[in-house]
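The values are calculated or read from the model by the stated rules, or taken from the named source; none is laboratory data. All of these numbers come straight from a predicted model, not from anything done at the bench. Cβ: placed from backbone, ideal geometry, glycine included. Neighbour counts: every protein chain shown. For accessibility, only protein heavy atoms count, side chains too; no ligands or nucleic acids. Shrake-Rupley method; radii C 1.70, N 1.55, O 1.52, S 1.80 Å.
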Amino acid sequence: MAANPGNKIRNAKLVLLGDVGTGKSSLVLRFVKGQFVEFQESTIGAAFFSQTLAVNDETVKFEIWDTAGQERYHSLAPMYYRGAAAAIVVYDITNAASFTRAKKWVQELQAQGNPNTIMALAGNKADMVEARQVPAEEAKTYAQENGLFFMETSAKTAINVNDVFHEIAKRLLQGQQAQDTPAGMVLNQRPAERMVSSSSCCS
Amino acid sequence: MGSNTPPSRAALEPFATLDPAALAGLPASSPLTVRSAAISSPYLYLGTGGGKLLLFTLDSPSPDFLRLLPIGPTRPVSAILPLPAVARLLLLADGLLLLADPLLSRPVRRLGSVRNVAAVAARASESDDDRPSCSLAVSVGKKLLLVDLTLHDADELEVRTRDIALVDGVKALAWVGDSVFVGTASGYSLFSTTNAQGGDIFTLPESSRPPRVKPLSGGDEVMLLVDNVGVVVDRSGHPVGSSFVFNTTPDCIAEVYPYVVVAGDSKVDVYRRKNGAHLQAIPFARPGTGGLIVASEDAGIGSDVVVIATAYKVFCYRKVSAVEQIKALLRRKSYAEAISLLQEFEADGEISNDMISFVHAQLGFLLFFDLRFEDAVNHFLLSETMQPAEIFPFIMRDPNRWSDLVPRKRYWGLHAPPKPLEEVIDDGLVTLQQALFLKKAGVDTVVDDDFLSNPPSRADLLEVAIRNIIRYLCASREKDLSSSEMEGVDTLLMYLYRALNLVDDMEKLASSQNSCVVEELESLLDDSGHLRTLAFLYGSKGMCSKSLGIWRILARNYSTGLWKDHAILPETDSLETSVGKMSGEEIAAVEASKILQASSDQDLVLEHLGWVADIDQELATAILTSEMREKQLSPEKVVAAIDPEKVGIHQRYLQWLIEEQECDEPHYHTSYALSLSRSAMDAVRLGSNNEERNNKEFDSDMQFIYLLRERLQFFLQSSDLYDPEEVLYVISESELWLEKAILYRKMGQENIVLQILALKLEDSEAAEQYCAEIGRDDAYIQLLDLYLDPKNGKGPMFTAAVRLLHNHGESLDPIQVLERLSADMPLQLASDTILRMLRARVHHHRQGQVVHNLSRATNLDARLTRLEERSRHVQLTDESICDSCRARLGTKLFVMYPDDSVVCYRCYRNQGDSASPHGRNFRKGGIFKQSWLVSR
């Protein structure tokens, strides 16, 4: 997807967090390169990818950090989610323990991360419905209660993969517009003050 | 992310091995163990466990031992930091910081009073101060100190120390930019040297190896180790790129850009900095004590030397350049790896475009000599600097026209000089046979396995080779080449097409714009019977006479059945026009006409016109009437050359000459008219003699005759330059009456024209139209006479006469009409018309009377008005003045205007009688006075 030359490109740091083997790297590979590798090696440390996404008339360039899921590398995660514009917490719908771990990541993000970080909850391996262990409703409820948006994805079949990143980009741009609104509110205060002043003059 | 491919390259190559003890001249009884190493070009420093410092130079072909400096027998040297900015060497020995001069010519001196130093790091980037200086970060106990060293005159060193932080358990330090990176057992932190603020980067997991910190990329980045994972961060502590994954847990790290060199247990691994790919593994025997040490120059990116030290030996390695690495692979015939490596270097920008082209060309030649012609040409095509002439020797044996053109490039001397293709294949097949023999004997070779399992035949190889060289030469034609090289490309391309008998390609190349050298090809093409190609080639080179000669021969051979051109098929695209299936004879004529249409050589055109006309008269006509030639042919010679029997060509040529070339020579106009006339007469005669044929043919013939006569009539009408008498003589005995009428009209024979139109053709409308054209009224009388007295035994044409009287009666004089009506005229036919004519005359007379009398009345009224105007009275008094000059009139002569203004006679003379002093102009707007006949 090519960006329009004249348009502004906004850089966004995005981090993927989640238990080992939930498919974080597969999600990123599907999004960035359109590939799926059946037997993906575990990520060690973190892998970096870059991908540009066009949303309406604007362009978002994601700087994607695909982190290691092993507990041993948990302490490296703050370096990657610190200052991130968005985070995708990934769990495996066929593995209830990974959902438990995902909740802990959400708690850590909310406790230590940037309050403005856009958070997404991704239930990966949605194509393996026979082996499902995490009901979609349960995850959806948890997401709503904690301010995340939720999608079930499948890196294998590409279901909802682009939609997750697209939704994040949209919310990033909306957040940018929301920051402009308060200035307008400040402007609205002045006419009221003037009216008060006029009233004072009259009285 | 690490690469799974086992490392198979030599990114670093050894160039020296040092035995420090032997070189220093120490006896075997006092062992020397290396504990630390550092490089500061051109010097190599080694620190020993026994408290000695050794200096070597790396300048000469092999390192030379220079000097040994004892520090203290109980002080093992654990770190050496060159400080070139202040001309010092910093040593960390047994917790003390010592300073030495770069040449080790003076005893070491202690730096400050600090002891128990755990770690030390020098600022990586250069200082901006005016004075030469550098800064150190030192960890002492729980303190993190900054030590600033400034060099003054007379080699005096100023030392200033300040605290910036409290950190416990520091094990590793690095200083890049304004940040000091601190590694402790619990994790990594970053401290700013400007404001002393600190921040955590990440914590280490439990039971981790000790932290290691290494500046990278010339001081722009820092690698922080976690187990066997290297996390790279920038100066602000933010992560950069994917993590490195090392095969072993690193003990020591060095950078020789673009590689990271890692020493682990008993081996050294080389990784590519940009993508963490594992390139090379260098095994070392496990040392008795201590681990491996790797050292390189930290100052910049430009260094290319790395030193690997064991306890008792030092190995010096040099970075192998990108070109050398590729060359080594090519030398082993590892083509796939070389290509992969080339793409890698190309992506990283480590190799210039010219070198990339060079490598592609070299690869191409190597593959060519290995008989892999398709791959070879693919690489030739990727090389932008390779010249097409370099492959000429494969095609044509030296010496030839282009021998001097072939650049004598030796490349890397990995392949034999190019030689004729057959020899390359024969040699390759010999090598293949030897490889087969060796393989059966159990010996591996570098020959392609596909070839070994399925050996190709010589003929197949030759064809594949030629086809691929053709592909290369075709691509070369798109380049900007010198004219002589382009000649070589095109000529040899034709040569190769001929070798494979690719007739369509030969003809396409020969007939398009090309740089073939005819002298090199004509005898070959003639011998092999490629006459069509030769004809096309002659044509594209402007050798029209030779080309036409061949087409003529081909046409003759086709017509006699001697020549059967199997390449001529309905599907072939070598012909621009394919209307159904043309015979070879016709094709030859078509090709010849293309040349003749563009040729201004009159003799050549007329020489070949005959045989082309024999085959196709349309082509002959196209040749004669071509607009493509710069100088048109002489009509006189053309007409003389045209076979009189080929009337169509003659007519079409004359038509073109007259209508398009606007020739105004009466002779040709007359010739054209005569030719058309004869054709029309023949057609009419032929048509009338075959009235018994079926209706379809009859209609077709009628249509043909009609069109032919229409063309004749059109020309006779529109041209004024032919001789009508001559044409008239030719058609005098024919039934071409309309044509005769046109001719008599050109000759001004009005009466004869009227006779033909009115009596022969009985076309009253045309006859009346002709009378109108004549423009005189007596023409109608003349026509009336013809109608009433046709002569030649024909009866009076009363109907036509009445119609004439009806249409143009008012133009005729009734007396003349009545005089011409004979006593035999049945008056009941014309009575109405004659009556109307006579009444019109009476009407005209009476109308004239009315107009006459009305004019007399108007004249009378005007005279009366004038009289009244002249009878007006004006009263003058003594006070009356001129309306113009305001002078008193008195007894002067005066004038009164119609608007009652009065002026003296002198003013009247001055301003005339058209304008009054009141500004009225009587000439433009008159004054209307009321009268009894004319009112306003």
Checklist outcome for this item: Those residues of the stretch A:109-122 that are in contact with a Ser or Thr (Cβ under 7 Å, 6 or more places away or on another chain) and crowded, with 24+ Cβ neighbours inside 10 Å come to a total of 1
Checklist entry - Of these, B:ASP227, B:ASP220, B:ASP265, B:ASP251, which one is over 23 Å from B:TYR317 (Cα atoms) and more than 10 Å from every other protein chain (Cβ to nearest Cβ)? => result B:ASP220
Checklist outcome for this item: Flagged in the stretch B:456-477 as within 14 Å of B:LEU429 (Cα to Cα) and either outside the structural domain of B:GLU423 (by the TED database) or surrounded by 15 or more Cβ atoms within 10 Å (Cβ to Cβ) (or both), in numbering order, are B:PRO456, B:LEU461, B:LEU462, B:ALA465
Next on the checklist: Testing A:VAL106 on (1) in a helix (DSSP H, G or I); (2) closer than 20 Å to B:THR203 by Cβ, one condition comes back false. Which one is that?
Outcome noted: (2)
Next on the checklist: Among the residues of the stretch B:651-682, what is the count of those that are at negative phi, part of a loop (DSSP other than H, G, I, E, B) and not polar (S, T, N, Q)?
Outcome noted: 4
Item to check | Selection within the stretch A:14-37 - buried (at least 18 other Cβ atoms within 10 Å of the Cβ) and modelled with pLDDT under 90 | outcome: A:LEU29
Item to check | Any chance B:ALA361 is open to solvent by 40 Å² or more (accessible area, probe 1.4 Å) and in a helix (DSSP H, G or I) | outcome: no
Checklist entry - Taking the condition in a helix (DSSP H, G or I), among the polar types (S, T, N, Q), at pLDDT below 70 and surrounded by 10 or more Cβ atoms within 10 Å (Cβ to Cβ), does B:THR799 pass? => result no
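Residues checked against (1) open to solvent by 20 Å² or more (accessible area, probe 1.4 Å); (2) under 20 Å from B:VAL684 (Cα atoms):
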site: B:TYR729; (1), (2): yes, yes
site: B:LEU736; (1), (2): no, yes
site: B:LYS740; (1), (2): no, yes
site: B:ILE756; (1), (2): no, yes
site: B:GLU768; (1), (2): no, no
Item to check | Matching residues, the stretch A:38-73, being at pLDDT 85 or above and more than 12 Å from chain B (Cβ to nearest Cβ) | outcome: A:GLN51, A:THR52, A:LEU53, A:ALA54, A:THR59, A:VAL60, A:LYS61, A:PHE62, A:GLY69
Item to check | Odd one out for B:GLN713, checked against (1) part of a helix (DSSP H, G or I); (2) modelled with pLDDT under 80 | outcome: (2)
Item to check | Contacts under 9 angstrom Cβ, first residue in the stretch A:142-167 being β-branched (Val, Ile, Thr), partner surrounded by fewer than 18 Cβ atoms within 10 Å (Cβ to Cβ), 6 or more apart | outcome: A:THR153/A:ILE159; A:THR153/A:ASP163; A:THR157/A:PHE36; A:THR157/A:ASP127; A:ILE159/A:ASP127; A:VAL164/A:PHE149
Next on the checklist: Quick check on B:THR161: is it in contact with a Lys or Arg (Cβ under 9 Å, 6 or more places away or on another chain), modelled with pLDDT of 80 or more and more than 21 Å from B:ILE39 (Cα to Cα)?
Outcome noted: no
Next on the checklist: Every residue in the stretch A:146-169 that is over 17 Å from A:GLY18 (Cα atoms), within 16 Å of the chain's Cα centre (by Cα) and surrounded by fewer than 17 Cβ atoms within 10 Å (Cβ to Cβ), please.
Outcome noted: A:GLY147, A:ASN162, A:ASP163, A:HIS166
Checklist entry - Which ones in the stretch B:645-680 are open to solvent by 40 Å² or more (accessible area, probe 1.4 Å) and either farther than 25 Å from B:MET702 by Cα or in contact with a strand residue (DSSP E or B) (Cβ under 6 Å, 6 or more places away or on another chain) (or both)? => result B:GLU659, B:GLU660, B:GLN661, B:GLU662, B:ASP664, B:GLU665, B:PRO666, B:HIS667
Checklist entry - In the stretch B:11-98, which strands (runs of 3 or more DSSP E) lie fully inside it and hold 2 or more residues that are surrounded by fewer than 22 Cβ atoms within 10 Å (Cβ to Cβ) and touching a helix residue (DSSP H, G or I) at 6+ places or on another chain (Cβ under 6 Å)? => result B:64-70
Item to check | Extreme residue, surrounded by the fewest Cβ atoms within 10 Å (Cβ to Cβ), among residues of the stretch B:231-248 that are within 14 Å of another protein chain (Cβ to nearest Cβ), touching a residue at least 40 places away in the same chain (Cβ under 8 Å) and not β-branched (Val, Ile, Thr) | outcome: B:SER236
Next on the checklist: List the residue pairs whose Cβ atoms are under 8 Å apart, where the first residue sits in the stretch B:18-33 and is polar (S, T, N, Q), the second is outside any helix (DSSP H, G or I) and exposed (fewer than 12 other Cβ atoms within 10 Å of the Cβ), and the two are 6 or more positions apart or on different chains.
Outcome noted: B:THR33/B:THR289
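Can you tell me which residues in the stretch B:335-352 are modelled with pLDDT of 80 or more and surrounded by fewer than 17 Cβ atoms within 10 Å (Cβ to Cβ)? Working first, answer last.
Restricting attention to the stretch B:335-352, the residues satisfying the condition of being modelled with pLDDT of 80 or more are B:335-336, B:338-343, B:345-347, B:349, B:351-352.
Passing the criteria: B:ALA336, B:SER340, B:GLN343, B:GLU346, B:ALA347, B:GLY349, B:SER352.
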Item to check | the stretch A:129-145, residues that are surrounded by 15 or more Cβ atoms within 10 Å (Cβ to Cβ) and not in a helix (DSSP H, G or I) | outcome: A:ARG132, A:VAL134
Item to check | Answer residue from the stretch B:178-206, given it is open to solvent by 30 Å² or more (accessible area, probe 1.4 Å), among the polar types (S, T, N, Q) and in contact (Cβ under 8 Å) with a residue 12 or more places away in the chain and is farthest from the other protein chains (Cβ to nearest Cβ) among those | outcome: B:THR194
Checklist entry - Residues in the stretch B:478-501: is at least one buried (at least 19 other Cβ atoms within 10 Å of the Cβ), among the β-branched types (Val, Ile, Thr), modelled with pLDDT of 90 or more and in contact with an Asp or Glu (Cβ under 9 Å, 6 or more places away or on another chain)? => result yes
Checklist outcome for this item: Considering the stretch A:74-108, residues that are of a type in the set (A, V, I, L, M) and either out of contact with any strand residue (DSSP E or B) (no Cβ under 6 Å at 6 or more places or on another chain) or open to solvent by 50 Å² or more (accessible area, probe 1.4 Å) (or both), and then whichever is farthest from the other protein chains (Cβ to nearest Cβ), we arrive at A:ALA96
